1. Please report the net charge: other residues with Cβ closer than 14 Å to the Cβ of G258, K and R +1, D and E -1.
2. Quick one: which of K378/K405; K354/K405; K354/K395; K118/K292; K118/K335; K335/K362 span more than 31 angstrom between C-alpha atoms?
3. Hey, what's the Kirkwood Rh for segment 262-326 if you take every pair of different alpha carbons, in angstrom?
4. Give me the distance in nm between label points sitting 7 Å out from Cα along the Cα-to-Cβ direction at L265 and L304, one decimal.
5. Quote the charge dipole size of segment 240-396 about the Cα centre in Debye, to the nearest 20; the model charges only the Cβ of Lys and Arg (+1) and of Asp and Glu (-1).
6. In 10 Å bins starting at 0, how do the alpha-carbon pair distances of segment 240-396 split up by percent?
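Just so you know, all these numbers are worked out from the coordinates, no wet-lab data involved. Remember, it's a predicted structure, so these values are computed and weren't measured experimentally. Cβ placement follows ideal geometry from the backbone for every residue including glycine, while neighbour counts extend to all protein chains displayed.
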Amino acid sequence: MIFSLSNLSPTPSLTTAYLPESKSKLPSASASEPSCPPEPLARRFKPSPQLNRWSRARTIRSGRKLERVVQLPGGEMDSSNSSPVSNNGNDGSELRLLSPSHESGSNGDDLTDLTAGKSIYMVSDGTGWTAEHSVNAALGQFDYCLVDRACPVNTHLFSGIDDVERLMEIVKQAAKEGALLVYTLADHSMAETARQACELWGVTSTDILGPITEAIASHLGVSPSGLPRWAPGRKNSLNEEYFRRIEAIEFTIKQDDGALPENLLKADIVLTGVSRTGKTPLSIYLSQKGYKVANVPIVMNVGLPRSLFEVDPEKVFALTINPVVLQTIRRARAKSLGFDDEIRSNYSEMDYVKEELEFASKIFLRNPIWPVIEVTGKAIEETAAVVLRLYHDRKNRCSMPRISKRY
């Protein structure tokens, strides 16, 4: 059976039951009122599609509804089975409680024309980190057709959604836009409400958190709490791991670019390599995962700190890069810093780049325990994954490479 608001009984439905009484009981427009022909609209400046997308995204994320009522494929609005419901919001916009297949706007504009692509709504009762990163990981499989190519996508994150009424408004907006809705709702009743509402309004949806939570509950033989990770009612929301991560970030910032070499022995991971091999961004990324990281630059004819060779060699990771790529990065860096021609020639000319890489390679050969990691063409996340896999493999002496963690 196909559900729509036009064939529901007068009893409160899932979508209207959670609206305030003042909204759900407003009278519908009288069918006997004379219809007046629309007045011609004044000529206005038409913004670019990109500005429209930005404005629309800000409107959605602020919790307000779009002022335009759209017409989606499926026929005209049946006014006898629907009634307008005032938004009563700060912006005075109007939202109509209609089945998506019967909803139309006064101007007949198609909202999909404004988006220039399909939309994905991400709904979370917490920060939305899990939903956002899951969607981004999945979108990585479609990078051949995204952005200005065959299938552009707009994502919209709704975080802190902890009451049903706000959830209903988002589902209705997704129905209007024809968006995909993915959600991570720890409360089982909220997740079930989202599923039923999406089914009722014809919104394609995916529960990211539910299946894995149920599987773990079955595996452990206990029930989940149903509270978001950062909920006030949860114990240890600011636990030892959180403060350890903050401490690691502070340590890493202080140890950047060879500062305080006497503290290298306190580091969990030490990165070394020539200038512009990505040591600093990689260090900061790793520190956000709770690792104290120090990085030591290798500069030709400049001695390295003694503590680098006193630290446990299994904690040291050497970074190298293709000389052509390194020269390109250094030229851009020198230009942005305003180096004069003499300094620029020493820093970014190919002969000097190759000589400095060879100088670093000799140091790496004298310390064969240091793994040499090629960073050319790799994202920070990719290099970090290699570093952490080697770090944990050495630390735990596992027969199969893994990153282990105890909860």
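1. That works out to 0.
2. Check vs 31 Å cut-off fails for K354/K405; K354/K395; K118/K292; K118/K335.
3. For segment 262-326, inverting the mean 1/r across all distinct Cα pairs yields 12.4 Å.
4. 1.9 nm
5. 220 debye
6. Using 10 Å bins, I get a P(r) of 11, 39, 36, 13, 2, 0 for segment 240-396.
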